[in-house]
Amino acid sequence: MKSLFSPRKAAVAMAVIAAFSLTACQAPAKKAEAPVAQTVKPVDTAVTQRVLGDGLYEMVYSQDSKGLFVASAQAFKGVNGGMIYRLDPATLATKGETHTDLKNFGAAIDEKGSVFYTTNSLDGAISKVDAQSGKVLQRLVFPGKISKEGYPAGAREVLWHGNELYVGRVADPGYISVVDTKTFKLKTEIKNAGKWVTGIIYSPVTERIYAANGSGEILVINPRTHKIEKRWTAGDGKEYLFLNMAEDPSTGRLFVTDDSKGKVTLVFDEHTGKVIKRIEGDSLGIKFNAKRNEIYISQRESKKVLQLDATTYAVKNSWSFDQNPNSLLIGPDDNTLYVTLKAEFNKDSSTKGADSIARIALK
């Protein structure tokens, strides 16, 4: 069997990895020499953490099966295929494993929680998974090539909305593949979406889909016509590589992270398309918790997860980790936060150990 990481696929592989975690290949900062006498760091009893496996990315919770699913791409050197882990949401104990022939990255679940979808980014595909058994039910390999060598456009983020899936494609120019969930076939493509379509969310406030891209744009898309109606930018003349998004429907605020060029979280007013607030600092994953009126930000470079007051933007709490925080998921009780933690990458695309997952009981 031909290795997934042949020279032909190395470039697209690293591009997709970078699109999921834009600081993944940065060299770690040198640590200062520790003094002879050290103060023992107190254990945060609110945090449960365990080493799980290689290549952990996005998570979904199934109300139907009461399971926490984690998409895994496994190792990026010498390993074919990936994994889908099913965990106990309270203890993080492994309750099931699905070995997949393709690597898994993005994840989204339907309204009933009976099936979820994971993007097979390196192969330009998406898989439909049963939330009870963890079995892959269907797979769609998207048509089309983006390079002379025949690399597929990476399938990054996936959004479930009604009877459709919106899949952001890592290409230049990027585009969005729209899939009919009933037939599990490609329905249409939304083209000219800027370089690297990254985050995608649906807004009940405007009844529009927002897509972020590496060109520093937020695309406002009508889901009924699949047309891009507006393109929002920061409007300050600076370069941005937008990544992930979250929304506060009660105020019409859209939170957008940039972990590469801007090192900032921008807050857009959805009614005007203008930036109304800058939250400085590296920011990768982001979630808004309406019940608690809080914002959570994963800081991969700083190795922290922040808990912010959503009204004042003041930091209420923060958690530091030895590994790099990546994807976030709010639990069904709104009082729990799950975090995937990434090991550092070596120059040859191998990692310095396995990835972990953390469960934070919010205070």
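The values are calculated or read from the model by the stated rules, or taken from the named source; none is laboratory data. The model shown is predicted, which means the values in this text are computed figures rather than measured ones. Note that each Cβ is placed from the backbone with ideal geometry, even for glycine, and that neighbours are counted across all protein chains shown. Note: accessible area is taken over every heavy atom of the protein model, side chains too, but ligands, DNA and RNA are not part of it. Shrake-Rupley method; radii C 1.70, N 1.55, O 1.52, S 1.80 Å.
First compute the accessible area of the chain with a 1.4 Å probe, then give the percent of it belonging to carbon and sulfur atoms.
50
Among the listed pairs Lys238/Lys363; Lys185/Lys227; Lys77/Lys304, give every one whose C-alpha distance is greater than 29 Å.
Lys238/Lys363
Per DSSP H run of at least 4 residues, take -39500 (n - 2.57); add these up for the chain, divide by its residues and hand me the 222 nm value, nearest 500 deg cm²/dmol.
Using -39500 (n - 2.57) per qualifying helix, the result is -1000 deg cm²/dmol.
Just to compare against my own numbers: the Cα pair-distance distribution for segment 281-363, 10 Å bins, whole % per bin, please.
P(r) over segment 281-363, rounded to whole percents: 18, 51, 23, 7, 1.
How long is segment 48-133 along each principal axis, judged by its Cα atoms, biggest number first, in Å?
34, 28, 17
Based on Cα coordinates alone, diagonalise the gyration tensor for the chain, multiply each eigenvalue by 5, take square roots, and list the semi-axes in whole Å, largest first.
Here the semi-axes work out to 28, 25, 21 Å.
Please compute the alpha carbon radius of gyration of segment 201-314, then divide it by the globular-protein estimate 2.2 N^0.38 Å. Two decimals is fine.
Compared with the compact-globule rule of thumb, segment 201-314 sits at 1.01.
When each pair of different Cα atoms in segment 266-321 is counted once in the 1/r mean, what is the Kirkwood radius in angstroms, to one decimal?
Value: 11.9 Å, from the Cα pair sum.
Below 8 Å between Cα atoms, with a sequence gap of 6+, how large is the relative contact order for the chain in percent?
Contact order relative to length: 12 percent.
Over segment 60-214, consider all pairs of different Cα atoms and compute the Kirkwood hydrodynamic radius from their mean reciprocal separation; express it in Å, one decimal.
For segment 60-214, inverting the mean 1/r across all distinct Cα pairs yields 15.9 Å.
Report the one residue of Pro89, Met245, Ile176 whose Cα lies farthest in the direction of the positive end of the charge dipole of the chain (charges on C-beta: Lys and Arg +1, Asp and Glu -1; origin at the Cα centre).
Toward the positive end, the furthest listed residue is Ile176.
Hey, what's the chain come to in accessible area per residue, 1.4 Å probe, Å²?
Result: 43 Å² of accessible area for each residue.
Cα-based Rg (one decimal) and Dmax (whole number) for segment 130-265, in Å?
That works out to 15.4, 50 Å for Rg and Dmax.
For Lys316 and Lys363, calculate 0.36 nm times their separation in residues minus their Cα-Cα distance, and state this gained length in nm to one decimal.
16.0 nm
Take every DSSP beta bridge with both residues inside segment 283-363 and express the antiparallel ones as a percent of the total, to the nearest 5.
100
Quick one: putting +1 on the C-beta of Lys and Arg, -1 on the C-beta of Asp and Glu, what dipole do you get for the chain around its Cα centre, in Debye to the nearest 20?
Computed about the Cα centre, the dipole is about 560 debye.
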